[in-house]
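Nothing in this text is a laboratory measurement; each read-out follows from the coordinates by a stated rule. Quick caveat: nothing in here was measured; it's all calculated off a predicted structure. Cβ coordinates were reconstructed from backbone atoms using ideal geometry, including for glycine residues, and neighbour counts include every protein chain displayed.
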Amino acid sequence: MPGSWISETEEALALAQHAPSNSNIQPWRVMFVSGAARDRLKDALFSVTDHEAPHIPTLPKAFEHYRFELGAQVYGSMGITSADTARPAAAVMRNFEFFGAPLAGIVCMHRDLGPADAVTVGMYLQTLMLALTERGWARAWRSRWRGIPTSSAPS
């Protein structure tokens, strides 16, 4: 990783703190993992997927075509056709490897907070991703993880 990644990440985080927040509670919590902690988290995520498939929420019928169109584009770029049933599952698992990125960020909020707070977390994430992109860092956003086992928490 480039030597300035820590300062660039700190700058992006400081900028994102200015995102709007419901009642200014700033409900987001941010954690970064790299090295051995990132590897332990990856291993824990794979362990969970050995016992249960990743939960992909359904979309209302009127919006399903967007998912199918995106899937055709993304999987098609990897040479995976709609008739192939094994390779899409392997491609989804790359999410849990952080696509090989050396640094993974996790953003969460307390489960008792509601939709307005989730919107403010979204605004924070958009601000953070734009700031990281400007610095050449942001590459992928994933929103599928919920209930990461506490045994996988980085130390």
Global size of region 1-138 as Cα Rg and Dmax, reported in angstrom: 17.5, 49
Loop GluC sites (Glu not before Pro), region 7-54 (other Cβ atoms within 10 Å of the site Cβ: 16 or fewer; DSSP): Glu52
Proximal charge balance of Phe46 [Cβ under 13 Å; K/R count +1, D/E count -1]: -1
Segment Glu69-Asp50, length gained on full extension (0.36 nm per residue, minus Cα span): 4.0 nm
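Give the calculated FRET efficiency between Val30 and Met93 to the nearest 0.05, with a Förster radius of 22 Å applied to their Cβ-Cβ distance.
So, using R0 = 22 Å, E works out to roughly 0.35.
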Backbone HN-Hα couplings from phi across region 92-104 [Karplus 6.51/-1.76/1.60, Hz, Gly and Pro as x]: 4, 5, 4, 4, 7, 9, 6, 6, x, 5, x, 10, 10
Whole-number D in µm² s⁻¹ for region 22-103, Kirkwood Cα-pair radius fed into Stokes-Einstein, 37 °C, 0.692 mPa s: 211
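Want the number for Asp84 to Lys61: 0.36 nm per residue separation, take away the alpha-carbon distance, what's left?
Numbers: separation 23, 0.36 × 23 = 8.28 nm, distance 2.33 nm.
Length difference between fully extended and current span is 6.0 nm.
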Extension gain from Glu11 to Asp43, taking 0.36 nm per residue of separation minus the Cα-Cα distance: 8.5 nm
